[in-house]
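Visitor: Take a look at the following structure, please.
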């Protein structure tokens, strides 16, 4: 009779994301009134930029992700500065373009450097081999698991994974992208309403906060399932 597997420990990426969320909440608690006054001005400025606002945002995301800056803060910012529906479309485009940018940087310019980096990390070498074997299936699992997106894109660019498979696999980032953006949207909503003495808790508030909780639970479950599947495929990312 085999012994039961111990429950998986939270990855360091999960811990970092939790700390980012806590930091945002603490910031809102202590500076909510000042931020509340800033949000309407920021919204007006964004509206004044017209079509250039999402372009600026996408360019910033491309630059920072190429430097492996964590995506979470940029996705939260999208929730603060863009409406929810429009923001998710912008986030989707930003994710696909920024990760594609990294893929081609790795494949065309940094291939030898990334290969040397992979050679020094046995687990990365294991993942690279698994990508060659499993292809798009493993790419999607990696994107849905709690692992940093940009280093994975560098690794995939240096592997034998084709670009169409990479692009389809990168869609696996969208659930996390939506939840992070939703967190920014809910945080901005909470800050604005909490500093308005005339505001009373409404059904809309319940939907905003309840929707975030549901989305968060779903993404955590997806990430846990994806991580377990990666371990079974011999491509543990820890």
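Visitor: Residues in the range 145-152: is at least one over 24 Å from residue 90 (Cα atoms) and in a helix (DSSP H, G or I)?
Guide: Within the range 145-152, none of the residues are over 24 Å from residue 90 (Cα atoms) and in a helix (DSSP H, G or I).
Visitor: Scan the range 111-140 residue by residue and report those that are touching a helix residue (DSSP H, G or I) at 6+ places or on another chain (Cβ under 7 Å) and assigned to a loop (DSSP other than H, G, I, E, B).
Guide: Hit for the range 111-140 is 135, nothing else.
Visitor: Among the residues that make up the range 84-92, is at least one of them in contact (Cβ under 8 Å) with a residue 12 or more places away in the chain, buried (at least 22 other Cβ atoms within 10 Å of the Cβ) and farther than 18 Å from residue 174 by Cα?
Guide: no
Yes/no matrix, rows are residues, columns are (1) in a helix (DSSP H, G or I); (2) at pLDDT 85 or above; (3) more than 18 Å from residue 187 (Cβ to Cβ); (4) in contact with a helix residue (DSSP H, G or I) (Cβ under 8 Å, 6 or more places away or on another chain):
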residue: 38; (1), (2), (3), (4): yes, no, no, no
residue: 48; (1), (2), (3), (4): yes, no, yes, no
residue: 60; (1), (2), (3), (4): yes, yes, yes, yes
residue: 64; (1), (2), (3), (4): yes, yes, yes, yes
residue: 79; (1), (2), (3), (4): yes, yes, no, yes
residue: 90; (1), (2), (3), (4): yes, yes, no, yes
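Visitor: Restricting the first residue to the range 111-132 and requiring it to be without any contact (Cβ under 8 Å) to a residue 24 or more places away in the chain, which pairs with a second residue that is surrounded by fewer than 12 Cβ atoms within 10 Å (Cβ to Cβ) and part of a helix (DSSP H, G or I) meet a Cβ separation below 8 Å and a spacing of at least six or different chains?
Guide: Filtered contacts from the range 111-132: 125/119.
Visitor: Is it the case that some residue within the range 161-182 is in contact (Cβ under 8 Å) with a residue 60 or more places away in the chain, crowded, with 20+ Cβ neighbours inside 10 Å and over 24 Å from residue 83 (Cα atoms)?
Guide: yes
Visitor: If we scan the range 161-176, do we find a residue that is out of contact with any strand residue (DSSP E or B) (no Cβ under 6 Å at 6 or more places or on another chain) and over 30 Å from residue 109 (Cβ atoms)?
Guide: Looking through the range 161-176, at least one residue is out of contact with any strand residue (DSSP E or B) (no Cβ under 6 Å at 6 or more places or on another chain) and over 30 Å from residue 109 (Cβ atoms).
Visitor: Across the range 201-238, which residue is surrounded by the most Cβ atoms within 10 Å (Cβ to Cβ) among those that are over 24 Å from the mean Cα position of the chain (by Cα) and at pLDDT 70 or above?
Guide: 205
The values are calculated or read from the model by the stated rules, or taken from the named source; none is laboratory data. Here the structure is a predicted model, which is why all the values come from computation and not from measurement. Cβ atoms come from the backbone with ideal geometry, glycine included; neighbour counts cover every protein chain shown.
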